[in-house]
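First comes the structure, then the notes that go with it.
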């Protein structure tokens, strides 16, 4: 696909429109963008129009013979607030929601000790002074899109600790710079060790810690048969 550089010019149709399926989005919802009235653009022989978000090219969309296009995209890791979509000089705004809940390190530690069974010798590393709480809808949406659970388990070379590392790192990168409270959790399951991930989430008015199994993407509460011996957030 040939992505072109956008600019306003004599070939821009005054009737062109850019439409999104809604105005407010969560950071990892699919973003559907469509447009019409781009017949003049199509007649120039360009196979696609570029879509700019906040001035940066995101992808290209093919225009049909009637000057229309439609594309569904994975939402980039936006910061909260307004963002501008620009298709050949035709602009549209969207708004990305913010969780709004921030915890201090001490508050997060108290929630961990309340919701997890923590070994007296547990090594707990909380590296920041404050953290954002991740809305449960954002976590569910992200887990439905990440490819980490689809990686093949390879004993010793890519096993449970590697899955935990991968999900922790990928979520940190993809949600930059939100600073959500999440990390790696190593537990004694009752005779054997296992590595998973942990998240501090907000579900309506409830803030709590949950466990995520990175090999399946499942979310659950800390089992009563487990004991945490390493937590890194």
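So in the range 65-94, with the set limited to residues that are within 28 Å of residue 171 (Cβ to Cβ) and not in a strand (DSSP E or B), which one is modelled with the highest pLDDT?
From the range 65-94, those within 28 Å of residue 171 (Cβ to Cβ) are 71-85, 93-94; that's our starting set.
Then drop every residue that is not not in a strand (DSSP E or B), which leaves 75-80.
Numbers: 75: 66, 76: 64, 77: 59, 78: 66, 79: 69, 80: 74.
Result: 80.
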Just name the residue that is surrounded by the most Cβ atoms within 10 Å (Cβ to Cβ) out of those in the range 105-122 that are touching a residue at least 60 places away in the same chain (Cβ under 8 Å) and not in a helix (DSSP H, G or I). 116
List the number of the failed condition for residue 174; all other conditions in (1) farther than 16 Å from residue 210 by Cβ; (2) at pLDDT 95 or above; (3) touching a helix residue (DSSP H, G or I) at 6+ places or on another chain (Cβ under 9 Å) hold. (2)
Given (1) closer than 18 Å to residue 168 by Cα; (2) not in a strand (DSSP E or B), identify the lone condition not met by residue 225. (1)
Just need a number here: residues in the range 93-104 that are out of contact with any helix residue (DSSP H, G or I) (no Cβ under 9 Å at 6 or more places or on another chain) and surrounded by fewer than 17 Cβ atoms within 10 Å (Cβ to Cβ). 7
Which of (1) touching a helix residue (DSSP H, G or I) at 6+ places or on another chain (Cβ under 7 Å); (2) under 30 Å from residue 30 (Cα atoms); (3) without any contact (Cβ under 8 Å) to a residue 40 or more places away in the chain does residue 129 not meet, given it meets every other one? (2)
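Hey, does the range 118-131 have a residue that's outside the structural domain of residue 25 (by TED's automatic domain parsing) and under 17 Å from the mean Cα position of the chain (by Cα)?
Here is the first cut: in the range 118-131, the residues outside the structural domain of residue 25 (by TED's automatic domain parsing) are 118-131.
Narrowing the set further to residues that are under 17 Å from the mean Cα position of the chain (by Cα) leaves 131.
Within the range 118-131, one or more residues are outside the structural domain of residue 25 (by TED's automatic domain parsing) and under 17 Å from the mean Cα position of the chain (by Cα).
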Out of the range 43-64, which residues are modelled with pLDDT under 75, closer than 21 Å to residue 94 by Cβ and not in a strand (DSSP E or B)? none
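The values are calculated or read from the model by the stated rules, or taken from the named source; none is laboratory data. Please read these numbers as outputs of a predicted model, since none were measured by experiment. No Cβ is skipped: glycine too gets one built from the backbone with ideal geometry, and neighbour counts run over all protein chains shown.
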